[in-house]
Amino acid sequence: MAEDVAVPSSGSSSGASGKTSRAGRNLPLAIGVGLAMGAVILLALLTVRQTWIVIVAVCAAVGIWEVFGALNRAAGIRFSRVPVLVGGLAMIGLSWPFGTEGILGALVVTVLGCFVWRMRLGAAGFVRDVGASMLVLVWIPMCMAFGAMLVVPEDGTARVLTFLIIVICSDTGGYAAGVLFGRHPMAPKVSPKKSWEGLAGSMVAGSTGACLCVAFLLGATWWYGLVLGPLLVCTAVIGDLVESLVKRDLGIKDMGQTIPGHGGLMERLDSLVTSAPVAWLLLFVFLPYPT
């Protein structure tokens, strides 16, 4: 999720190049990379929509690898890398033909695989290591598997675009409102740059985007967006705060350096990951389809 600024610090500067945003990013580069990523996703959805599942799987694998690397470097945690990667990709892949049953089945098998994989290293740190593996397994691939399922029905392209547009509107509105009006920190112990004004901007932009998408992309009653928008804004903010807590706990700025101008891929996925299950559930309730 885009970082908004709660209270400008005195004496802050934009850096020697003048390109670094108040969120600490190279803003032009970040925007360019974001637009390029969006173009690839849009092209995939408008040609062969099933390609979305491949994109989700690749992003999940990179996200898992980044988080594992960060936790290993900062905390020395020994993960069940192979089971989580293989099982996570299986959850995403099985979501197309088998739906939630496929996700649950792959999750159970992967959990058992993590237990067995970690046993070979002995008892020292077993609970910590397995617990961390479970956290990553549920946080990234399981949540993202629900995002993959958005594309399953015939109107899957519209569902995925609705999900993405709402979260992007939330991020953009929150960033703009936070930079322009942010004065009151929302969660200073978690993410000092988040403000209540930024949250208000996220709510307005996310809800507006949701109403427009529901009406024009999905052809449904527009006021569904008044439910879908605010709830996805909340899950997007939660995702951003969760990742901020993890990074703050580990004492790191970014999960990785995968994307120029952004940091790690998880810096871009955090709000999407936690919003995916809620988006799938709400759209299924509003617009059910045969499974």
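Which of the residues belonging to the stretch 236-268 are closer than 30 Å to Gly219 by Cβ and modelled with pLDDT of 90 or more? If the condition is that a residue be closer than 30 Å to Gly219 by Cβ and modelled with pLDDT of 90 or more, then Ala236, Val237, Ile238, Gly239 are the ones that fit. Of a type outside the set (S, T, N, Q) and under 26 Å from Val246 (Cα atoms), is that true of Arg120? No: the conditions fail for Arg120.
The set of residues from the stretch 135-158 being among the hydrophobic types (A, V, I, L, M, F, W, C) and more than 22 Å from Ser271 (Cβ to Cβ) comprises just one member, Val152.
Let's see how each residue does on (1) under 17 Å from the mean Cα position of the chain (by Cα); (2) not aromatic (Phe, Trp, Tyr):
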| position | (1), (2) |
| --- | --- |
| Ala145 | yes, yes |
| Pro153 | no, yes |
| Phe163 | yes, no |
| Val179 | no, yes |
| Ser195 | no, yes |
| Leu231 | yes, yes |
| Ile238 | yes, yes |
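What number of residues in the stretch 226-255 are among the small types (Gly, Ala, Ser) and touching a Gly at 6+ places or on another chain (Cβ under 8 Å)? Looking only at that region, the number is 2. So is Ala158 of a type outside the set (Val, Ile, Thr), part of a helix (DSSP H, G or I) and closer than 22 Å to Val273 by Cβ or not? For Ala158, the condition - of a type outside the set (Val, Ile, Thr), part of a helix (DSSP H, G or I) and closer than 22 Å to Val273 by Cβ - is met.
In the stretch 44-85, the residue that is surrounded by the fewest Cβ atoms within 10 Å (Cβ to Cβ) out of those that are farther than 30 Å from Glu154 by Cα and among the aromatic types (Phe, Trp, Tyr) is Trp65.
Could you identify the single residue in Gly113, Gly125, Gly131, Gly88 that is over 30 Å from Glu154 (Cα atoms) and modelled with pLDDT of 95 or more? Only one candidate passes the filter, namely Gly113.
The values are calculated or read from the model by the stated rules, or taken from the named source; none is laboratory data. From a predicted model like this one, the values you see are computed outputs, not experimental measurements. Positions of Cβ are generated from backbone atoms using ideal geometry, with glycine treated the same way; all protein chains shown enter the neighbour counts.
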